[in-house]
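No value in this document is a laboratory result; all are computed from the given coordinates. This structure is a prediction, so every number in the text was calculated from the model and none was measured. Here the Cβ is made from the backbone with ideal geometry for all residues, glycine too, and neighbour counts use every protein chain on show.
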Amino acid sequence: MQPVSAIYGRMEDGSLGFTSTEIAFEDYTRCSTKMHKQSGQRRLETPVWCMDNTLLANVIATYTLQRATMSGGGQRHAWQSELSPPQKLELAKKFTKKRQADMLATLDGLCRRFVETKKQNPRDRHLRLMSEQIANLDSTLRILENCAAVCAAVVHLYYRVGFDSVGVANELKVKSCHVRQLLHRMRLVAALLGYGTHPDLAKRLAAQANLPQRIADCRLATKKGRAEYCKRLRQKRQAETLAQVPQLLAESKRLLAACA
């Protein structure tokens, strides 16, 4: 039924008549209206898993668990293939509670610091950075609170209804960049599960395979940097000591002369 419509048929009391929404075209001037526009042609093809509820449930559950544990795809999540989507969602809830508590504490601290800084100096250059961090944490908490439902709504509106990222963001009251990021990450998770391909899949798997070597290189670089810093510090202290030698000698001569 359209907003302004009337259907002739049998009423609830059994008599014939019109069933209407009791909204006239003149009422549009006093109503709040919203226009939904489809995005048209897609830059990328619609993935198969978006149209299959079983595959979609597994992708959403896997992504929700990965987001709750704050770790990407690859070999670290090989054990997740043995869990069913309900088990993944139940496990994600346990991790989410801990993350929410930590993020709420961080958010409260940032808000207090923002208020105190603004009282002391309204033109402080750190205020803008803190406001951005507060907004980011708030958006993350909103999505993390019901991540699976948000992901399902994003996929449905974007791929099945045909909205673009801006239209999806307006419907869900989030930012359009968050919508595009969620879609990108879910496509990557689907590729890791074997549901299609992703342009970043090979790069992610290669980075995951080289992760131990990268960690070792970082530790070696840190050790070398620490040794170099200590060497420079010793040289600086030796130079300062040598620079004080003439002054100390002059002071010693002066004291000896005074005693004589």
Sorted by chain and number, the residues with a modelled amide H under 5 Å from that of T19, at a separation of 5 or more or across chains, are I7, Y8, G9
Two pseudo-spin positions, 7 Å from Cα along C-beta at A149 and at E90, lie apart in nanometres by 2.1
The extension gain from K175 to D124, computed as 0.36 nm times the residue separation minus the Cα-Cα distance, is 15.7 nm
For the F25, V166 Cβ pair and Förster radius 25 Å, calculated FRET efficiency rounded to 0.05 is 0.30
Evaluated at 25 °C and 0.890 mPa s, the Stokes-Einstein D of the stretch 48-209 based on the Kirkwood radius over Cα pairs, in µm²/s, stands at 142
Over all directions, the stretch 106-169 yields a Cα convex hull whose mean projected area in nm² is 5.4
So A258 and T241, fully extended at 0.36 nm per residue minus their Cα-Cα distance, gain in nm 3.6 nm
